[in-house]
């Protein structure tokens, strides 16, 4: 993998373990010569991981929508900053740059981005690994919801199994490097209308 998109919070959260793990992941990416693609912010976990990669002379590409580009938010010391007109264009641009996706602790935006990546895989539009770094059990309840979705017939187990989960970033990236996308049926369920 040449580049990985990391989705994470624009906050550092209340527990210092999240920022510590973001820093460790940033160091690891730089050490393994894997470029970071992220939301372009200098605050929160986004800033923490970007700074860690930069500290070890790694590549950092930010993709930020114009509405968030103001000076208090945008990281000014990264390798390259790409500005998009809309949030939706940001996702498309990030997708073109990366070989996989990781979600760390974050809020609505993190969940939106990681579930969009999973949806693209489910539809067979992309075949990239999608991982969750489950630091401190942060995503335990989200993962439980996916089990409920399978149990209730709204998500196929094969699609749930596309999600790679680990509490260790080394293990997560190793699993992502060995990822084989499932064969996706192109048959779409249709609903008859009267």
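Laboratory data are not the source of any read-out in this text; all were calculated from the coordinates shown. Predicted model, so just to flag it, every value in this text is computed and none were measured. Reconstructed Cβ throughout: ideal geometry from the backbone, glycine too, with neighbour counts over all protein chains shown.
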Next item on the list: Any chance you could give the angle, 0 to 90 degrees and rounded to 10, that helix 17-31 forms with the longest Cα principal axis of the chain?
Entry: 80 degrees
Margin query: Helix 44-55 against the longest principal axis of the chain: what's the angle in degrees, Cα atoms only, rounded to the nearest 10?
Written below: 60 degrees
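Tell me what the chain gives for mean residue ellipticity at 222 nm when only DSSP H runs of n ≥ 4 count, each as -39,500 (n - 2.57), the sum divided by the residue total, rounded to 500 deg cm²/dmol.
Working: 7 runs with 78 residues, N = 194.
Mean residue ellipticity at 222 nm (helix-derived): -12000 deg cm²/dmol.
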Checklist line | Space enclosed by the convex hull of the alpha-carbon atoms of region 1-109, per residue, Å³ | finding: 86 Å³
Checklist line | region 3-177 - percent relative contact order, Cα under 8 Å, separation 6 or more | finding: 21 percent
Checklist line | residue 89-residue 151 pseudo-label distance in nm [points 7 Å out on the Cα-to-Cβ vector] | finding: 4.4 nm
Checklist line | Inter-site label distance for residue 14 and residue 2 at 7 Å from Cα along Cβ, in nm | finding: 4.3 nm
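Based on the alpha carbons, how large is the Rg to Rh ratio for the chain when Rh follows Kirkwood?
Working: Rg = 16.8 Å, Rh = 17.1 Å.
My calculation puts Rg/Rh at 0.98.
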Check: So what is the relative contact order for region 1-73, in percent, with contacts set as C-alpha pairs under 8 Å and at least six apart?
Finding: 35 percent
